Amino acid sequence: MDIKSLLDQPSKLPTIPKVAQKLIESFSSEDVSINEIASQLAADPALSAKLLRLANSAYFHVSRTIGTVDDALRMLGFVMVRNLVLGNGMVAAFRHTPGIDLPQFWRYNLYTACAARWLANNTDVNADMVFTLGLMHGIGQLQMHAGMPAAMVPLDQQLNVLDAGRAELEKQALGFHYGEVSAELARLWNFPQPLIVALRDIPQPLAAQEFSAAAALVHLGAWRARTEVLGMGDEAVVASYPFAVGKRLGLDPAWVPALAAQSPGSRNTAIMPLLQELTEGLDDMLA
């Protein structure tokens, strides 16, 4: 099965909420009404309750209680609300996916998004865009399991879906990998071209025709998330670190605790906080 056939199955394509579709339109439109978005969010009691819980979570360190959707939009900003709603929409769209440990998978995606955002804040790359890519980068894996479950069984038996070598294995066995499927789903949903291209290149950012710093940052964020979710020890962390990607971005590897001791002269490099701290309060997105 090729990508076209995989996505040409209407009954197996994910359906995202209307408000999420409207928010996707905002990527390429300056005419989206904030008031209209707020009204649509408020009309969905479950989504508004979740948004308010997130707005009042430890992640955002608010000094007062956020009690309305309008307040949440003003406090969080439109882009962050869009990211939160999109993340929740993706979880809902793929709620029943065979062959994948979904709690682990979404925790990995959330860790990826927050780790990549932290790294982006130390560069000149748009951190909100990187956060979006981190949340979205693995959806191709879910679509592959939903649309071609029999073909995924032997691959899953050979290699964990979160393994760094998974994209290469899929390319060899199927002729395409999950990053390409994520990109095509984003194209169907009318995401802007830069995000589509970045999603395609995240698994192998240095092999891209044109280097994308955003894709490379998410690649590093995914590596950090993988080390945590798969419980890798320090030796495996050091051995698996994508040095070439980090070097291309100009990032000193000392941001990784296990590598800081091996990077003399890097005392000014900030060390990434624990992922549980970076994501505290956002877990409700996965529910």
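So the values come out like this:
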quantity	calculated
Answer label for Cα Rg over 2.2 N^0.38 Å (calculated), chosen among (1) 1.27; (2) 0.99; (3) 1.20	(2)
Net charge of Cβ neighbours under 13 Å - reference Ala207; Lys, Arg +1; Asp, Glu -1	-1
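Bear in mind that the values in this text are calculations on the coordinates, not laboratory data. Predicted, not measured: the structure shown is a model, and the values here were computed from it. Glycine also receives a Cβ, built like all others from the backbone with ideal geometry; neighbour counts cover every protein chain displayed.
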